[in-house]
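The values are calculated or read from the model by the stated rules, or taken from the named source; none is laboratory data. Note that this is a predicted model, so its numbers are computed, not measured. Cβ coordinates were reconstructed from backbone atoms using ideal geometry, including for glycine residues, and neighbour counts include every protein chain displayed.
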Amino acid sequence: MGIMDILQQYAARATDTHQDFDEVARQVPPEVLGDGIAQAMRSDRTPPFGDMVGQLFGQSNPQQRAGLLTQLIRSIGPGALASVAGGVLGRLGQSAVGQAQPQVSPADVENVTPEQAREIATAAEQKDPGVMDKVGSYYAQHPEVFKALGGAALAIALGQMANRMKR
């Protein structure tokens, strides 16, 4: 088999990753899907967590953006929001202090940019490495958005799910 044959097979296989992910996402339990997504976010073969969150934020609708930021601020803690991403969510942090489970609404995220979401995610990761599991679980509910991260992230997530299903 020549090198072009190998590359053509790889290219053909890579185009199926989105379709494979769709199929698997519909059939595996949510915790398996969430774990696969979290492992893709942890991988050294994917961009940094903050960069992936910024991309996901950009592809998400306002409701999904609010849900994503809710997961992140629960890891950061509302008191630290004024010092993250230029304080874009600082006002929210003041109203959330003392709440056991702070909640972000779609109106709260109207002016948040993907770059600011990246900064918030990076701060959340530094404070709570388990934030990737929270974001993975969240996007297990919205796998169509996770597909925006592309082939490497999807392939890693699929591989992780396959390993977990073998156990």
- prompt: Mind checking whether some residue in the range 54-70 is modelled with pLDDT under 90 and surrounded by fewer than 21 Cβ atoms within 10 Å (Cβ to Cβ)?
  reply: yes
field: Members of the range 116-128 that are touching a residue at least 40 places away in the same chain (Cβ under 8 Å), in contact with a Phe, Trp or Tyr (Cβ under 9 Å, 6 or more places away or on another chain) and not hydrophobic (A, V, I, L, M, F, W, C)
entry: Arg118, Thr122, Glu125
- prompt: Where residues in the range 117-141 are surrounded by 18 or more Cβ atoms within 10 Å (Cβ to Cβ) and under 17 Å from Gln63 (Cα atoms), which of them is farthest from the chain's Cα centre (by Cα)?
  reply: Ala117
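So if I check each of Phe21, Phe49, which one is in contact (Cβ under 8 Å) with a residue 24 or more places away in the chain and over 13 Å from the mean Cα position of the chain (by Cα)? Working first, answer last.
Values: Phe49 fails: over 13 Å from the mean Cα position of the chain (by Cα).
The match here is Phe21.
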